[in-house]
Each structure stands twice: as C-alpha cells, then as structure tokens.
1. Being out of contact with any strand residue (DSSP E or B) (no Cβ under 8 Å at 6 or more places or on another chain) and either charged (D, E, K, R) or at pLDDT 70 or above (or both) is the filter here, so list the residues in the stretch 42-71 that pass it.
2. Any idea how many residues of the stretch 111-140 are acidic (D, E) and free of Cβ contacts under 8 Å to residues at least 12 places away in the same chain?
3. Within the stretch 167-175, is there a residue that is touching a strand residue (DSSP E or B) at 6+ places or on another chain (Cβ under 7 Å), outside any loop (DSSP other than H, G, I, E, B) and either surrounded by 24 or more Cβ atoms within 10 Å (Cβ to Cβ) or at pLDDT 95 or above (or both)?
4. Which of the following residues is more than 25 Å from V119 (Cβ to Cβ), assigned to a helix (DSSP H, G or I) and not assigned by TED's automatic domain parsing to the domain that holds S141: A249, A240?
5. Has the stretch 194-207 got any residue that is in contact (Cβ under 8 Å) with a residue 40 or more places away in the chain, outside any helix (DSSP H, G or I) and either hydrophobic (A, V, I, L, M, F, W, C) or farther than 18 Å from S149 by Cβ (or both)?
6. The conditions are (1) more than 17 Å from the chain's Cα centre (by Cα); (2) in a helix (DSSP H, G or I); (3) assigned by TED's automatic domain parsing to the domain that holds H146, and D180 fails exactly one of them. Which is it?
7. Hey, P75 hits all of (1) surrounded by 13 or more Cβ atoms within 10 Å (Cβ to Cβ); (2) modelled with pLDDT under 75 but one; which does it fall short on?
8. Could you give me the residue pairs with C-beta distances under 8 Å whose first residue belongs to the stretch 141-160 and is under 19 Å from P41 (Cβ atoms), whose second residue is in a loop (DSSP other than H, G, I, E, B) and hydrophobic (A, V, I, L, M, F, W, C) wherever it lies, and which are 6+ apart or on separate chains?
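The values are calculated or read from the model by the stated rules, or taken from the named source; none is laboratory data. Quick caveat: nothing in here was measured; it's all calculated off a predicted structure. Every residue, glycine as well, gets a Cβ built from its backbone with ideal geometry; the counts of neighbours run over all protein chains shown.
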Amino acid sequence: MNLGKSLGIALLLGAGATQVLATDVATLRNGFTIRHESRAPLGETTRLFLTADGSSFVDVPTAEIVQIEPDLNPPALPENPAGSSGTVSTAPLASRPTLPTATQPTVVSSRPEDIAGAVNAASGRYRIDPDLVNSVIRAESGFKVHAVSPKGAQGLMQLMPQTASNLGVSNAFDPNANVDGGTRYLRELLEKYNFDLIKALAAYNAGPHRVEQYNGVPPYRETRKYVASIVRDFNRKKIAQQKAANSVAKAPSKPKTQTAASQPSPKASRAPATATVKRSTAPTGN
C-alpha cells in the first residue's frame, strides 16, 4: 500500500462522526471515481457529500473505497445527483478527469438505444420477457446508468458489490455488464422459486433468505411496494400491447365483408397480463 493510499484510508477510518472537510477523489474497487467536498463514516458505509452545503450525497460501502486523494483538478460542472424517486443518487460521470495516478474507469454510454440493446441481448440470452427486465430497471434505477443507492447498490439493475462480483460483473456502471448480470440473477431466482414471479421479485429486492424466512413476500413496506410497482408496470405494457393488437385485428381491409365472428372477444383486452418466462432452456454458466 502506497503512502497516499495509507493516508487516505487513515483519514477515512479515523474521522469518527465528524465530517472531513476537503475536496477529494475517492477511488472504488471497480475503478469508478467520486469527487466529493467532504465525507463522514456511517457504520459500514461512508457518506460522500457531493456539494459543499451537504445537500447532495452518496453512501458507499467503506470496504469498496480503496483510495482517497486530494483533487488537484479544477472542479467539474455541477450536475443533478438526485434520482427520479428521491431514493437513488447519481454518482459523477466516469469520464470526469481525475488525478493522473488514479485508475481511469471505462467510459460507458447511457443512450436509451444502447440500454435497449443491452436489455434485448440479456433477455434473449436468459429467456426472459424484455418488458419485465425494463420494468425491473425502472423500479431499481429509473434507467440511470450511474445510479447508486444509499445501501451501495449500483447501476441500472442496482447490483450490490458482492452480488456483482459473484455474477462476474467487474464494472456495475457498464450497461451491458450490469443488465446481463441483473437479468441472469433474476433468471436464477425465477428457477429457484419455480417461476413464481412475485417471490423472485421479492428475493431480488429483499434477498432470498427473507423470502424463505417468511415463505413469500416479506412484510416490508419497501419490498411490497417494489413488487407491486413492477407487476403493475409490466401488466400495463402487456395490456397496451393487447389493445394495439386488437385494434389491428378490428381494422377491416374490406368493411363490407367483415362478419361478427371475426371480431375478437371484448374481454381479451381487459385480461391482466402475466410475466412471459420461457422454461425450456436454463441460462448457461449457472
């Protein structure tokens, strides 16, 4: 361990409950860097304050911080760190300049078409409906590539560092790697619970041990709200697709020759959808 790293960790662990006032750069195990104005330890996590007034911050597991060094570069332009739900913070972009000695993280794209491509590739690979994967991403991160939760979950599908490591995801802020890992994990949970979507989603949020402890969705308000929001969003998409299909079926090419027998049942468009998960092939590499 070099002197700079030793000094950074000493400052981090020896600060007690008092904020360390400085403009520093924290380097995480995955190479991602976070410029912050001050920091404070909170149990097993460290709160990095992104603004001088402390109004914007991100909580990072202390074990994931490998180095803290003074920021010798000019400050970058401010950006909005708050997620759409108010519970997810967005870390600074990976392309932000850092110290010459710091490891530069891979610059990743956050364009909607690239995220859509990552979703389509992963859903095809693990045989899960892409609309379901998109609903999970919406609930987890609001499609923010660099989202970090207060508990340290990262990226589009909010992978915890240990989970990401177990799935072989080295950079949780890479959309392709994150979505692939999250979709693979969701598939594993679906298989674990015999394709019971509700239990699989509850386990994704609260952990399999909690689902087993309560033999179903644990009695946590956050988990129940999480599961309900995904099911509601997924069903909304499927109902919209059914209505669109029914509208096409109802549009006659020759109005005079159409018969009542050719009309779809009016009940079809009102039936709630369920998740499409194909059982025939288990994901490779599990």
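1. Taking the stretch 42-71 first, the residues out of contact with any strand residue (DSSP E or B) (no Cβ under 8 Å at 6 or more places or on another chain) are 43, 53, 55, 63.
G43, D53, A63, listed by residue number.
2. Here is the first cut: in the stretch 111-140, the residues acidic (D, E) are 113-114, 129, 131, 140.
Those still in the list that are free of Cβ contacts under 8 Å to residues at least 12 places away in the same chain too: 113.
Adding up the residues that qualify gives 1.
3. No, that holds for no residue.
4. Details: A240 fails: more than 25 Å from V119 (Cβ to Cβ).
That would be A249, the only listed residue that is more than 25 Å from V119 (Cβ to Cβ), assigned to a helix (DSSP H, G or I) and not assigned by TED's automatic domain parsing to the domain that holds S141.
5. So in the stretch 194-207, the residues in contact (Cβ under 8 Å) with a residue 40 or more places away in the chain come out as 195, 197, 201, 204.
Cutting the leftovers down to outside any helix (DSSP H, G or I) gives us 195.
So of that shortlist, the ones also either hydrophobic (A, V, I, L, M, F, W, C) or farther than 18 Å from S149 by Cβ (or both) come out as 195.
Yes: one or more hits.
6. Among (1) more than 17 Å from the chain's Cα centre (by Cα); (2) in a helix (DSSP H, G or I); (3) assigned by TED's automatic domain parsing to the domain that holds H146, D180 violates only (1).
7. (1)
8. From residues that are under 19 Å from P41 (Cβ atoms), the pairs are V148/V88; V148/A91; S149/V88; K151/M160; G152/M160.
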